[in-house]
Amino acid sequence: MKQSRFGAWLAIAIGTIYFIVPLLATFEFSLRMRRGEYSFDAYAVVLGDPRFQASFLYSTFQAAATIIVGALLVVPTAYFIRLRLPRLRPIVEFITLLPLVIPAIVIVFGYLRLYNSSSWIPLTATTRTSDLLLTFSYVVLALPYMYRAVDTGLRSIDVRTLTEAAENLGAGWSTIMFKVIFPNVKVAILSGAFLTFAIVIGEFTMASLLDRPAFGPYLQLIGANRAYEPSALAIIAFIVTWACMGLIQLFGRGPATAKR
Amino acid sequence: MAQQAQMELGSGPAIARPRVGQTGWALIGVSPFLVFAFMFLILPTMYLVVGAFQDADGNFTFGNLADLFQPSIRSAYWISIKVSLASAIGGALVGFFLAYAGVMGGLPGWIRPTLMTFCGVASNFAGLPLAFAFLATLGRTGIVTVLLVKYFDFNIYSTGFNLLSFWGLALTYLYFQIPLMVLILAPALDGLKREWREAAEILGANSFHYWRHIALPVLWPSLLGTTILLFANAFGAIATAYGLTGSSLNIVTILLYAQIRGDVLHNQNLGYALALGMILITGFSNGLYIWLRSRSERWLR
């Protein structure tokens, strides 16, 4: 059986065309704001827009908060599951997979009914608590990736020996957690963090329904009202996604696991 | 959702008898997570599920579920299912050939890592930016549309194509569906051992026999499972569709979005039923995916 390479090249060629043409077209479109010549005007307009800066900054803060809250929830859980509560593992794994099963829009719908301003915990009543609720919703979205990354990270270190050694040296559990475990799964948290960042930065549904001034709703507003700026924003978003994936590769596992 | 594929459901070896510390601390350490998951994942979902079986006064009823079959809602589900199916099957086919070319096509060594990295990016390039990109490409004033008219005198919009319709949406979804397929399928293709092919050749098999009797039987759980995963992935998506068509396309996520924003169904509990229907469909597909995954794993060790 001789393998013909023609078919393989053809598949790669068709794939390349399908994936490159929209990017090139978007880039070209984003340069056409000035009549008759190419310019970066659309980028200048977008980057100079205070609402762009504010919403991007807001989403960046949200991403950072999500990563911190997520790590604080997930690392101790994964640690204790691995060390002392293996029986809880199937339950916890099931829970961390749920956000992939229940669509995000359904989850946020539940929040709006459960935590509205006339409910027992009126989280949507004030701006601060709404921000908090959005952070929590992003933690939920990031849960599958975060948990998986941390659990894989813990698998590669000898959790038990490290814990025993620390206990022999007189460490309490908070010392073990923050001085031993966290530093050891730093790389795993980082790769989970960049993925979380990529997810949070463009997220639209939850921010929009919780009425928060995030980057996603800003994108929607610009998309509905402008011609060239959306293309510039799409290119910027693509670069941000690319940067996050690049950072994951840089910090994380080798090329064999290029698929996260 | 790409990452779901990489998640092994099997757990590592459990640590048999803990000697260190007490279980009490461990339970306290795990409790914040459990409380969080209960409050922000399980309780909100349960609230909707229970609400789907209640009428406005809180009495038990199947009326909301029955109301899902009224024409406008049924057609929303139907279009969602069709778009998800089209983009899942299309993504699976193209993704299969692409993954095959990258993994076993005998191409230069740099192709595979490049393909994988790009797929990692593209599978996460969804939502509104993706919609903008396709509007700039294949929208009415998109570059490809304009260039085709200019150089080939061919207007794709005169053929009935419209980016803001079923096929346009499916074509756009392919941009994240194909890479997802490639990412998930590549490890499965790696599992096809070179020796199997050699053994088949020695026994006189040609390419067709090899695929018919060896490769496809081994691959089908992965192929089918991933297709189902792509289906669920497209079914729960909203931002791309919303960015492309605004609220004009009648798919179920956009209908639910409109319902949440302004009670367009004029029945709160019907909205809950709509959500329940979505959970059932994505839950069923994910369950099927997990089952098929476990079947495919025995060949991939």
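The values are calculated or read from the model by the stated rules, or taken from the named source; none is laboratory data. A quick note: this is a predicted structure, and the numbers were derived from the prediction, not measured. For neighbour counting, all protein chains shown are included, and Cβ atoms are generated from backbone atoms with ideal geometry for every residue, glycine included. For accessibility, only protein heavy atoms count, side chains too; no ligands or nucleic acids. Shrake-Rupley method; radii C 1.70, N 1.55, O 1.52, S 1.80 Å.
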Run the simple label-point estimate for residue B:50 and residue A:224 please: 7 Å along Cα→C-beta, distance reported in nm. 3.4
How large is the helix-only mean residue ellipticity at 222 nm for chain B, computed as the sum of -39500 (n - 2.57) over DSSP H runs with n ≥ 4, divided by its residue count, in deg cm²/dmol to the nearest 500? -22000 deg cm²/dmol
Suppose every K and R has +1 on its Cβ and every D and E has -1 on its Cβ; what is the size of the dipole of region A:49-254 about the Cα centre, in Debye to the nearest 20? 360
For region A:189-246, rounded, prolate or oblate, judged on the Cα gyration tensor with a ≥ b ≥ c (square roots of eigenvalues), a/c < 1.5 rounded, else prolate if a/b > b/c? oblate
Checked chain B with the C-alpha gyration tensor, a ≥ b ≥ c its square-rooted eigenvalues, rounded below a/c of 1.5, otherwise prolate if a/b is larger than b/c and oblate if not; verdict oblate
Candidates per chymotrypsin sites (Phe, Trp or Tyr not before Pro) in region B:126-199, loop by DSSP, up to 16 other Cβ within 10 Å: B:154, B:161
C-alpha long axis of helix A:186-202 to longest principal axis of chain A, angle in °: 40
Which helices, taking whole DSSP H runs in chain B, have alpha carbons extending 20 angstrom or more along the helix axis plus mean Kyte-Doolittle at least 1.0? B:23-37, B:71-104, B:166-190, B:216-235
Cα→Cβ-extended label distance, 7 Å offset, between residue B:23 and residue B:74, nm: 5.4
Amide H within-cut-off set for residue B:54, under 5 Å, with H built and near neighbours excluded: B:61
Relative to the longest principal axis of the C-alpha atoms of chain A, give the angle of the C-alpha long axis of helix A:89-101, reported between 0 and 90° and rounded to the nearest 10°. 10
Specify the inter-centroid distance of region A:68-88 and region B:228-263, based on alpha-carbon positions, in whole Å. 34
Only loop residues by DSSP count here, and only those with at most 15 other Cβ atoms within 10 Å; note down the trypsin sites (Lys or Arg not before Pro) in region B:124-213 that meet that. B:140, B:193
Using R₀ = 22 Å, calculate the FRET efficiency as 1/(1 + (r/R₀)^6) where r is the Cβ-Cβ separation of residue B:147 and residue A:40; round to 0.05. 0.50
Tell me the relative contact order for region B:179-296 as a rounded percent, counting alpha carbon contacts under 8 Å between residues six or more apart. 35
Using Cα centres only, tell me the gap between region A:26-40 and region B:92-170 in whole Å. 21
Prolate/oblate/rounded label for the protein assembly as shown (Cα gyration tensor, a/c 1.5): rounded
Rounding to the nearest 10 and keeping the result within 0 to 90°, find how far the Cα-based axis of helix A:127-155 lies from the longest principal axis of chain A. 70
Sort A:67, B:202 by accessible area with a 1.4 Å probe, largest first. B:202, A:67
Remind me, relative contact order of chain B in percent, using alpha carbon pairs under 8 angstrom and six or more residues apart? 29
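Just the accessible area per residue of region A:49-254, please: how many Å² with a 1.4 Å probe? Please list the in-between numbers first.
Details: 7790 Å² over 206 residues.
I get 38 Å² per residue for region A:49-254.
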Connecting every pair of Cα atoms under 10 Å apart in chain B and solving the GNM, the largest mean-square fluctuation among B:244, B:180, B:34 falls on B:34
Accessible area drop of at least 50 Å² (1.4 Å probe, protein heavy atoms): which residues of region A:123-152 qualify, relative to the chain alone? A:145, A:148
Calculated from DSSP H runs of 4 or more alone, at -39500 (n - 2.57) each and per residue, what is the 222 nm mean residue ellipticity of chain A, nearest 500? -24000 deg cm²/dmol
So what are region A:49-254's ellipsoid semi-axes, whole angstrom, largest first, if each one is the square root of 5 times an eigenvalue of the alpha-carbon gyration tensor? 34, 21, 14
Where in region B:23-66 does the amide nitrogen come within less than 19 Å of the point 7 Å from the Cα of residue A:118, taken along Cα to Cβ? B:47-48, B:51-52, B:54-59
How much of the accessible area of the protein assembly as shown, in percent, comes from carbon and sulfur atoms when a 1.4 Å probe is used? 66
For the pair B and A, total buried accessible area rounded to nearest 100 Å², probe 1.4 Å: 8800
Over chain A, relative contact order from alpha-carbon pairs under 8 Å, at least 6 apart, %: 28
